Amino acid sequence: MQNNLIAGSWVQGPDAVDNINPSDLDDVIDSYARADAGQVNDAVAAAKAAFPAWSTGSIQARAGMLAAVAAEIMARKEELGELLAREEGKTKPEGIGEVMRAGQIFDFFAGEVVRQSGEKIASVRPGIDVEITREPLGVVGLITPWNFPIAIPAWKIAPALAYGNCVVIKPAEIAPGSAHALAEIIQRAGVPEGVFNLVMGKGSVVGEALVNHPDVAAISFTGSVETGKRIAANCAARLAKVQLEMGGKNPLVVLDDADLGTAVDCALNGAFFSTGQRCTASSRLVVQKGIHNAFVDALVEKMQALKVDNALLEGTQMGPVVDQSQLDQDLKYLDIGRDEGAKLAWGGERLNRATQGFYLQPALFTETDNAMRINQEEIFGPIASVIAVDDYDQALHVANDTAFGLSSGICTASLKHASHFKRHAQAGMVMVNLPTAGVDYHVPFGGRKGSSYGSREQGRYAAEFYTTVKTGYTLPL
Ligand code: ADP
């Protein structure tokens, strides 16, 4: 049994839920506590009580704690990567990569603790000094999804703590193991009681209680559009600061002059790695007619060779879908695509493997139109569509013709088209000759339109969310 961390103690919840391996449904990782609203109140009260000392204490000590968290995460990357792959279903190398990234994020923000600075500005009134400084917000509530069960908690927790806030985090109910392991590491690093709290459980109970708590100054959320909108409305009602990272329907444009091998590799990686369960996944492949057939043939050949199996087996390139409800959603969209008249070029079959799990062949639709539901709604599985276009102008139009705007990619040898695309893609991130997924940890992450709301995450831009600005005026007497 794994418990919640509240006010420095590990406490049982009123009930608990099994964390099940999607590669092997007989494998129960452990039972994880589910908190209720009362435990959320306890966690927020502990965070509130810890805030004055934490926010004004030694930044040297704070930096040291974050560095210690980074060091332990990285030293245990194999074991934590295996736990992550076991609970989420991405392959073990992908799991280890994600764990390393979580460590690097803590390392980066350990440095940022002692690099915080302000501005001193000349006043328009002679003799007065003006200073602009940043201060922490207080208690921040963090709500995270299952698809990056350690990296997303890390990229919210690390800046929150670095800038002097206290944290209550609620990880996804179906994959709480990695966040729980991270909580143990944070506690071991000597973070004082109440500064960091973990409350696991349901979004409708624990998440709602956190979002609506009057002592929670800000909510950072990553998850679905539907939940994000609800959280934004609830935060607005009580004027709490909010940051949302939601879905994507990311285009990868492939022009006739693209290097075919690069384009196919970008599509394979972007659409199907991590089982397509990334908000930056390339779900729309916008391909110019001259290269279309060669691109589709080469991509299908690579998809057929992709080894789909138990995430923990050596050589597996794509693990299972995360759970039954996500699998049902993927299968539903395969039906929707067929009904809309798209051609299933390959894939989409349920697969049986030595262990019972949610295995699905990667699927590629061709002969699709951008207006189809499969091209407008986020599927969040290993399913991509090809949309044929005549020229660059049409490709750009199709790429931007979506309610989302997270990541947008182009494969081309043309500097002119690449430059134009970087300027005109309506997305928070633009990739040239690279997959739409896969980003650095020290630069801003986020999107436009229905993908994101509020300020950017990661890198120094994270300060925008986790601090508030103060303007000080002094008349030296
Ligand atoms: P996903 O489809 O990725 O599970 P969700 O938006 O349902 O997306 O979940 C993302 C996170 O938001 C999870 O931790 C989930 O428990 C939480 N959540 C779900 N519903 C709510 C809610 N009403 N209020 C706050 N958090 C919620």
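The values are calculated or read from the model by the stated rules, or taken from the named source; none is laboratory data. The shown structure was predicted, so the numbers you read here are calculated from the model rather than taken from an experiment. Virtual Cβ from ideal backbone geometry, glycine too; neighbours counted across all protein chains shown. These accessible areas exclude ligands, DNA and RNA; they are computed on the full protein's heavy atoms, side chains included. Shrake-Rupley method; radii C 1.70, N 1.55, O 1.52, S 1.80 Å.
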Worksheet item: What are the pairs, 6+ residues apart or on separate chains, where a residue within the range 219-241 that is among the aromatic types (Phe, Trp, Tyr) and at pLDDT 95 or above has its Cβ under 6 Å from a residue that is more than 7 Å from the ligand (Cβ to nearest atom) and assigned to a strand (DSSP E or B)?
Response: Phe221/Leu244
Worksheet item: Would you call Asp401 crowded, with 16+ Cβ neighbours inside 10 Å, free of Cβ contacts under 8 Å to residues at least 60 places away in the same chain, out of contact with any Leu (no Cβ under 8 Å at 6 or more places or on another chain) and among the acidic types (Asp, Glu)?
Response: yes
Worksheet item: Does any residue of the range 186-202 turn out to be outside the structural domain of Asp330 (by TED's automatic domain parsing), assigned to a helix (DSSP H, G or I) and either open to solvent by 10 Å² or more (accessible area, probe 1.4 Å) or among the hydroxyl-bearing types (Ser, Thr, Tyr) (or both)?
Response: yes
Practice prompt. Could you list all residues from the range 203-219 that are more than 8 Å from the ligand (Cβ to nearest atom) and farther than 18 Å from Lys48 by Cα?
Written response: Val205
Item to complete: Out of the residues in the range 101-130 that are within 23 Å of Ala67 (Cβ to Cβ) and open to solvent by 50 Å² or more (accessible area, probe 1.4 Å), state the one that is farthest from the chain's Cα centre (by Cα).
Response: Ser117
Practice prompt. Would you mind telling me which numbered condition in (1) more than 30 Å from Glu79 (Cα to Cα); (2) of a type in the set (Gly, Ala, Ser); (3) open to solvent by less than 20 Å² (accessible area, probe 1.4 Å) Ser274 fails?
Written response: (1)
Discussion item. I need a count of the residues in the range 415-446 that are open to solvent by less than 60 Å² (accessible area, probe 1.4 Å), closer than 12 Å to Ala399 by Cβ and polar (S, T, N, Q).
Written reply: 1
Discussion item. Residues that are surrounded by 22 or more Cβ atoms within 10 Å (Cβ to Cβ) and either under 20 Å from Ala189 (Cα atoms) or not assigned by TED's automatic domain parsing to the domain that holds Tyr466 (or both): does the range 55-62 have at least one?
Written reply: yes
Worksheet, complete the sentence: Per the filter on the range 133-145, residues under 10 Å from the mean Cα position of the chain (by Cα) and either within 30 Å of Thr471 (Cα to Cα) or open to solvent by less than 10 Å² (accessible area, probe 1.4 Å) (or both) are Thr144
Discussion item. Take Ile150 and tell me if it is at negative phi, within 16 Å of the ligand (Cβ to nearest atom) and either in contact with an Asp or Glu (Cβ under 7 Å, 6 or more places away or on another chain) or not polar (S, T, N, Q) (or both).
Written reply: yes
Worksheet item: In the range 53-97, what residues are in contact with a Leu (Cβ under 6 Å, 6 or more places away or on another chain) and within 15 Å of Ala154 (Cα to Cα)?
Response: Gly95
Worksheet entry | Enumeration of residues in the range 146-182 that are buried (at least 24 other Cβ atoms within 10 Å of the Cβ), within 15 Å of the chain's Cα centre (by Cα) and outside any helix (DSSP H, G or I) | Asn147, Phe148, Pro149, Ile150, Ile169, Lys170, Pro171, Ala172, Ala175, Pro176
Practice prompt. Kindly indicate which of Ser58, Ser23 is without any contact (Cβ under 8 Å) to a residue 12 or more places away in the chain and over 16 Å from Ile150 (Cβ atoms).
Written response: Ser58
Practice prompt. Look through Lys302, Lys307 and report the one residue that is open to solvent by 20 Å² or more (accessible area, probe 1.4 Å), without any contact (Cβ under 8 Å) to a residue 12 or more places away in the chain and not assigned by TED's automatic domain parsing to the domain that holds Asn147.
Written response: Lys307
Fill in: Of all residues making up the range 207-217, the number that are touching a Leu at 6+ places or on another chain (Cβ under 7 Å) and either part of a helix (DSSP H, G or I) or farther than 24 Å from Thr468 by Cβ (or both)
0
Worksheet item: Just to be sure, is Phe380 within 25 Å of the chain's Cα centre (by Cα) and not acidic (Asp, Glu)?
Response: yes
Worksheet item: Pick from the range 233-251 the residues that are away from the ligand (no atom under 11 Å from the Cβ) and open to solvent by less than 20 Å² (accessible area, probe 1.4 Å): which of them is nearest to Val287 (Cα to Cα)?
Response: Pro251
